[in-house]
Amino acid sequence: MYQALYRKWRPKTFSDVIGQSHITQTLRKQVAEGRTSHAYLFTGTRGTGKTTCAKILAKAVNCEHPMDGDPCCQCPSCVGIENGSFLDVLELDAASNNGVDQVRALRDEAIYAPANVKKRVYIVDEVHMLSTPAFNALLKILEEPPEHLMFILATTELHKVPATILSRCQRFSFKRITPQDIAARLLYVAGQEQIDLTADGAELLSRLADGALRDGLSLLDQCAAVGGTVDSRAVLEALGLAGNLQTAQLMEFILSRDAKGALLQLDQLYRGGKDVGAVLGELSTLVRDLLLRRTAPEGGAALLSGGYDSATLDRLGREIPATRLIYLATTLQRATADLYYSSNRRTDAELCLLRLCDESLSGDLTALEARVQRLEDSAQRGQLLRAAAAESGGTVKPSSSPVPPPAPAPEDAPPLEELPAREERPPLPEEPPLPEEPRARVFDVPEAQPAAPSPAAASAVGGSWWRALAEGCKGRLPPMYRVFLDMCTGVLEGGLLTVYAPDDITLGRLDNDRVRNALMEEAASGGVTVRLVFQVGEPPKATPRENLQNLLKFGSQFDNIEIK
């Protein structure tokens, strides 16, 4: 008769237990020195070896020929306990025997000496399921049991066990088994069972086991029943996880901001019988794996869900910032929680995909952050272009469209000297010189520092005065205002400083007392008192003649400025 792998390969001694050396070494030493306790409490998640260690401990304390704390597994006591023929070692399920009457019956029969072995051992599994009266009935005998009695309690929910029980037991906490240990054990079992298990298949099964060796053996048993080589693809097909590839394709559309492709992929999954809530849950798991792989590339492998192979995670997580992954995870968690109250789950899932593809649709600060990020990216690209042009000796034109090269002259065109001369026009009458502007609109430049330009002069030559003023204000303002301030342009005329914002959003962010005071204080530190006005639009462009007049007027103060 066929026996499941997790039962067939259940450890028989402490040395066979995987991943719990901090517990098995202590128990072996206690058995070898004869210092065992009357009550133990084993706690941990499923499949980590709690009940297995309890049975091994029960055999070890009753073994006739123990070997360094391990049972020999050959004496009559070990054999009888292993096959269940000795009733002195009894395993109880507290989930079905949780009443006070069952505990009283156990307490009444526990006082009798064992018939076949040295110690009567009671293994109570899932002890947290006992009722409060049952716990109270267990207290007295658990505190002062007879010499021949031992209790081994096991639970997966330690917080439900009363403190009065905890204080009477030696507690051992079983940790999750690492994927590396599970994979090594699966490869060993597969080799003994003549199962063709590959290394990538064992790695995928170990991650799907989620720290439980029993789950890993059960999954291996299921995949081996299909036949053939058990690799990662065979595992996905045998366990019904091939749909994860479609989820990965959906995530690829989201990361590339292809809203149309994402909606079509969701429609394909929906028509195939997939629940939209399950789709969002799988997307959330995938984003979590990508975020863990980005933030902890080395030690985070043990935290992955295991539903996706390394190649898929590497392809999806390439060049995706952690901030966007956090936004995707937060949005998916919120949308998944809201689906419970939704009247149209499919529509809400589609709206969630649209928000994932375009952060500006979220309607909160995330939309603003997305706009700022795009502006910073474009500014960085512009800096790289200018740096590349400077290295190659060229210049970057401010216009977005390239200037077409001059068309070659046709062959039948007349030579240049034969073209008719242009009519000579009378010279323009000289315009009267412009009146000198008042000194109130410029900073007074000391004679000892002729290289420091005045505001008006610097404004005439590239607007460097406004940039200097804006940079000086950044120390007085939070980062959010600094970004918007870089998007504006300032013009100083007389005592009036006009700040031109590119749009209403920027104007609304900057038109407040905090920004006004910072700009006016920074200007006052330079020796000028200004009046401040915010306006949407671009600053008026000066005519060539006005630029020439400004250059002639202030050129004598800036001999060290080289105009290219």
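The values are calculated or read from the model by the stated rules, or taken from the named source; none is laboratory data. Keep in mind the model is a prediction, meaning the values are calculated, not measured. Ideal geometry is used to build each Cβ from the backbone, glycine not excepted, and the neighbour counts take in all protein chains shown.
Every residue, every condition in (1) within 18 Å of Asn62 (Cβ to Cβ); (2) in contact with a helix residue (DSSP H, G or I) (Cβ under 9 Å, 6 or more places away or on another chain), yes or no:
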| site | (1), (2) |
| --- | --- |
| Gln3 | no, no |
| Trp9 | no, yes |
| Leu27 | yes, yes |
| Arg46 | no, yes |
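Exactly one condition in (1) closer than 14 Å to Leu239 by Cβ; (2) touching a strand residue (DSSP E or B) at 6+ places or on another chain (Cβ under 8 Å) is false for Arg207; which is it?
Looking at each condition in turn, Arg207 falls short on (2).
Looking only at segment 8-59, count how many residues are at positive phi and in contact with a strand residue (DSSP E or B) (Cβ under 9 Å, 6 or more places away or on another chain). Write out each step before concluding.
Here is the first cut: in segment 8-59, the ones at positive phi are 19, 34, 44, 47, 49.
Subset that is in contact with a strand residue (DSSP E or B) (Cβ under 9 Å, 6 or more places away or on another chain): 44, 49.
Counting residues in segment 8-59 that are at positive phi and in contact with a strand residue (DSSP E or B) (Cβ under 9 Å, 6 or more places away or on another chain) gives 2.
At pLDDT below 90, under 20 Å from Cys169 (Cα atoms) and polar (S, T, N, Q): which single residue out of Asn98, Asn83 fits that description?
On the way: Asn83 fails: under 20 Å from Cys169 (Cα atoms).
Residue meeting the stated conditions: Asn98.
Looking at (1) crowded, with 20+ Cβ neighbours inside 10 Å; (2) out of contact with any helix residue (DSSP H, G or I) (no Cβ under 7 Å at 6 or more places or on another chain), find the lone condition where Leu166 falls short.
Among (1) crowded, with 20+ Cβ neighbours inside 10 Å; (2) out of contact with any helix residue (DSSP H, G or I) (no Cβ under 7 Å at 6 or more places or on another chain), the lone unmet condition for Leu166 is (1).
Kindly list the number of the only condition in (1) modelled with pLDDT of 85 or more; (2) among the basic types (Lys, Arg); (3) touching a helix residue (DSSP H, G or I) at 6+ places or on another chain (Cβ under 7 Å) that fails for Arg294.
Evaluating Arg294 over (1) modelled with pLDDT of 85 or more; (2) among the basic types (Lys, Arg); (3) touching a helix residue (DSSP H, G or I) at 6+ places or on another chain (Cβ under 7 Å) leaves (1) as the failure.
Considering only segment 299-336, how many residues are within 28 Å of Val372 (Cβ to Cβ) and among the small types (Gly, Ala, Ser)?
Residues meeting the conditions: 4.
Can you find a residue that is charged (D, E, K, R), free of Cβ contacts under 8 Å to residues at least 60 places away in the same chain and surrounded by 14 or more Cβ atoms within 10 Å (Cβ to Cβ) anywhere in segment 247-255?
Step one: list which residues in segment 247-255 are charged (D, E, K, R), which gives 252.
Retained after the next criterion (residues that are free of Cβ contacts under 8 Å to residues at least 60 places away in the same chain): none.
No.
Among (1) crowded, with 17+ Cβ neighbours inside 10 Å; (2) polar (S, T, N, Q); (3) in the same structural domain as Trp9 (by TED's automatic domain parsing), which single condition is Ser206 missing?
With respect to (1) crowded, with 17+ Cβ neighbours inside 10 Å; (2) polar (S, T, N, Q); (3) in the same structural domain as Trp9 (by TED's automatic domain parsing), Ser206 is out only on (3).
Name, by its number, the condition in (1) in contact with an Asp or Glu (Cβ under 9 Å, 6 or more places away or on another chain); (2) closer than 21 Å to Arg168 by Cα; (3) among the basic types (Lys, Arg) that does not hold for Arg107.
It fails just one condition, (1).
Given Gly201, Gly191, which one is buried (at least 22 other Cβ atoms within 10 Å of the Cβ), free of Cβ contacts under 8 Å to residues at least 40 places away in the same chain and not in a strand (DSSP E or B)?
Details: Gly191 fails: buried (at least 22 other Cβ atoms within 10 Å of the Cβ).
Of Gly201, Gly191, the one residue that is buried (at least 22 other Cβ atoms within 10 Å of the Cβ), free of Cβ contacts under 8 Å to residues at least 40 places away in the same chain and not in a strand (DSSP E or B) is Gly201.
Scan segment 223-241 for residues that are touching a helix residue (DSSP H, G or I) at 6+ places or on another chain (Cβ under 8 Å), part of a helix (DSSP H, G or I) and either surrounded by fewer than 16 Cβ atoms within 10 Å (Cβ to Cβ) or aliphatic (A, V, I, L, M) (or both) and jot them down.
Answer for segment 223-241, where residues must be touching a helix residue (DSSP H, G or I) at 6+ places or on another chain (Cβ under 8 Å), part of a helix (DSSP H, G or I) and either surrounded by fewer than 16 Cβ atoms within 10 Å (Cβ to Cβ) or aliphatic (A, V, I, L, M) (or both): Ala224, Ala234, Val235, Leu236, Ala238.
What are the residues in segment 242-290 that are closer than 24 Å to Ala311 by Cα and in a loop (DSSP other than H, G, I, E, B), if any?
Within segment 242-290, Ala242, Ser256, Arg257, Asp258 meet the criteria.
Does segment 224-244 hold any residues that are touching a residue at least 24 places away in the same chain (Cβ under 8 Å) and not β-branched (Val, Ile, Thr), and which are they? Write out each step before concluding.
Residues of segment 224-244 that are touching a residue at least 24 places away in the same chain (Cβ under 8 Å), as a first pass: 224, 228-232, 234-236, 239, 241, 243-244.
Residues satisfying the conditions are Ala224, Gly228, Asp231, Ser232, Ala234, Leu236, Leu239, Leu241, Gly243, Asn244.
Out of the residues in segment 140-159 meeting the condition of being exposed (fewer than 13 other Cβ atoms within 10 Å of the Cβ) and in a helix (DSSP H, G or I), tell me which one is modelled with the lowest pLDDT. Can you show your working first?
Residues of segment 140-159 exposed (fewer than 13 other Cβ atoms within 10 Å of the Cβ): 140, 144, 147, 157, 159.
Imposing the further condition that a residue be in a helix (DSSP H, G or I) reduces the set to 140, 159.
On the way: Lys140: 82, His159: 91.
Result: Lys140.
Please verify whether Ala278 is more than 18 Å from the chain's Cα centre (by Cα), aliphatic (A, V, I, L, M) and surrounded by fewer than 18 Cβ atoms within 10 Å (Cβ to Cβ), treating the condition exactly as stated.
Numbers: more than 18 Å from the chain's Cα centre (by Cα): yes; aliphatic (A, V, I, L, M): yes; surrounded by fewer than 18 Cβ atoms within 10 Å (Cβ to Cβ): yes.
Against the criterion (more than 18 Å from the chain's Cα centre (by Cα), aliphatic (A, V, I, L, M) and surrounded by fewer than 18 Cβ atoms within 10 Å (Cβ to Cβ)), Ala278 qualifies.
With the requirement that a residue be touching a residue at least 24 places away in the same chain (Cβ under 8 Å), farther than 18 Å from His148 by Cα and of a type in the set (D, E, K, R), what does segment 88-104 give you?
Passing the criteria: Asp93, Arg104.
Any residue in segment 57-80 that's farther than 14 Å from Thr36 by Cα and touching a residue at least 24 places away in the same chain (Cβ under 8 Å): show its pairings with residues that are surrounded by fewer than 16 Cβ atoms within 10 Å (Cβ to Cβ) and among the charged types (D, E, K, R) at Cβ separation under 6 Å, as long as the two are six or more apart or on different chains.
Within 6 Å, the pairs are Ser77/Glu64.
Being of a type in the set (Asp, Glu), at pLDDT below 85 and crowded, with 18+ Cβ neighbours inside 10 Å narrows it down to one of Asp289, Asp309, so name that one. First the steps, then the outcome.
Working: Asp289 fails: at pLDDT below 85.
One residue alone meets the criteria, Asp309.
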